[in-house]
Amino acid sequence: MKRKSQLGISLILLLILGGMIAAIVSAGQSPEPLTGNWVVRTQNNDGTLRTTYLNLKQDGARITGTIRVTQFFYHISESTGGPDGFTITGSMMDGKSERKVQYEGKLVGDELHVSTRRRPQDNPTQMVAVRAPAGEGALPARNPLPALHKVPDNGLARTPPMGWNSWNKFASRVDDPTVRSIADAMASNGMKEAGYLYINIDDTWEAGRDARGNIQTNKKFPDMKALADYVHSKGLKLGIYSSPGPNTCAGYEGTYGHEEQDARTYAAWGIDYLKYDWCGARTLYTDEEMPAVYQIMGDALLKTKRPIVYSLCQYGRLDVWKWGADVGGNLWRTTGDIRDAWDSMTRIGFSQNDLAPWAKPGHWNDPDMLEIGNGAMTNDEYKTHMSLWAILAAPLLAGNDLRSMSPEILAILTNHEVIAVNQDKLGKQGQRVWQSGDQEIWTRTLSGGALAVAVFNRANAPATISIKLADLKLDGKWKARDLWSHQTVPWSDTEYSTSVPAHGVVMLNLSR
């Protein structure tokens, strides 16, 4: 009996030992070939690196994990295939809509050869990924948000800001020499005298951070302080761009976790304007948290004691016009990005009617930058663009190459009478008062009892449009001046008829 008992114990010990050996062998086995943190590093012309991280876990025929590229962070929701050829689809929620990205690839030796298309009709972008240390490229920890409070008014932008922004024409090609030459042009071609003031650098100026966490400029901008000094020497002001997220829209360094530090840096450089783009923040925060996120920078800019115009760029989400002023914003984007196209400009511009109550001195609705002079619209269409933005009390930020524009484009941008409507000190945004098909009439109440009237013809053929004083809620005697022909025009006590070009405008100033 004793021998049987000893034999049973021996068998149990052998089974336990066998299990331990199996576990050790199993633990020593190589993981599935695709499992790991893969990175694509692409050298930008400015000396920075563009990185894409594919953090993959292969479990047989199933691939899970995450994809991080520029400002986007996706979770892999679908996959097919394996090391010899696979497809992965990443998904993320962007506000209330879902955004997806798809990569195809295969393992070639120690490299992952992958490709992706920005749009289905595009040619694929080919990339080679190599293994990166675990944790590299992971999102930072989510910082807690402050309780909401009203940020004091900074006293700036009592009329809509006027200036220039680099993105529409130059995008990532903007650099120090370009900015200097644009400042030279603005200071000498009549734009400065017309009221244009800000020279704003958009995305792609950023590098990483030094050992103390200070934001650095890349080699396109070797000395931001010297550049600001140069722009100031022209009687102009310099603007800059960033994001409250870890990355900007183009994937460069954002302010996340360094808001006060970066605001102090901007002030030390002599920056006068900050465009603050939501982009990378959506990887960590929801739209409902936007006010608290933007408040952080609003407070930080005030602490610098330098007058810096604060421009919120988050595309009109969460009805920003209702809270933008409370977080310190001087202007806030109300729409998605504009394009140099009639359909884009009109869709954006004519959709602003209901936002008028929230515009006032120091705080403006921003339907995005001007496309005037970038070449894809006619001069009549650009006059419509300029007139509509003036009626809307919108910021006038030129987006073309100021160094080489035609006299006709310069005349549109520097029309002093139209600019006077835009810059009217009463600060009331105009609204639509009449519409019939493709014809619309908008008015804007001006200081001194005057009224700006814009008669728009959105049709593809010229049209004669009649303005009835009753539609404008006017009575009595008025005189009218055409702001594009710069002439006084006959005005009756009851009705005024005018011929308006296709896609064109007639803009009037009415005074008693």
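Things worth noting here:
- Length-normalised contact order for the chain - Cα pairs under 8 Å, 6+ apart - percent: 10
- Mean-position separation - Cα centroids, segment 321-355 and segment 43-73, in angstrom: 33
- Using C-alpha pairs below 8 Å separated by at least 6 residues, the relative contact order for segment 286-344 is 34 percent.
- Residue pairs, from the table K234/K383; K225/K425; K57/K106; K225/K275; K100/K275; K322/K428, whose Cα atoms sit over 21 Å apart: K234/K383; K225/K425; K100/K275
- Summing charges over all other residues whose Cβ lies under 12 Å from the Cβ of W389, with Lys and Arg as +1 and Asp and Glu as -1, gives -1.
- Distribution of pairwise C-alpha distances over segment 432-511, 5 Å bins, in %: 3, 15, 28, 29, 17, 6, 1, 0
- Shape parameters for the chain, alpha-carbon atoms, Rg then Dmax in Å: 29.1, 125
- Tensor-based shape of segment 400-463 (alpha-carbon gyration tensor, a/c under 1.5 rounded, otherwise prolate or oblate): oblate
- Summed residue charge, Cβ within 14 Å of P124's Cβ, Lys/Arg positive, Asp/Glu negative: +2
- Helices that extend 24 Å or more along their long axis by alpha-carbon positions and average at least 0.5 on the Kyte-Doolittle scale are, among the DSSP H runs of the chain, 2-28.
- The chain - share of DSSP beta bridges that are antiparallel (%, nearest 5): 80
- Rg and Dmax of segment 162-427, based on Cα coordinates, read 17.4, 53 Å.
All of the numbers you see were taken from the coordinates with simple rules; none came from a lab. Quick caveat: nothing in here was measured; it's all calculated off a predicted structure. Glycine also receives a Cβ, built like all others from the backbone with ideal geometry; neighbour counts cover every protein chain displayed.
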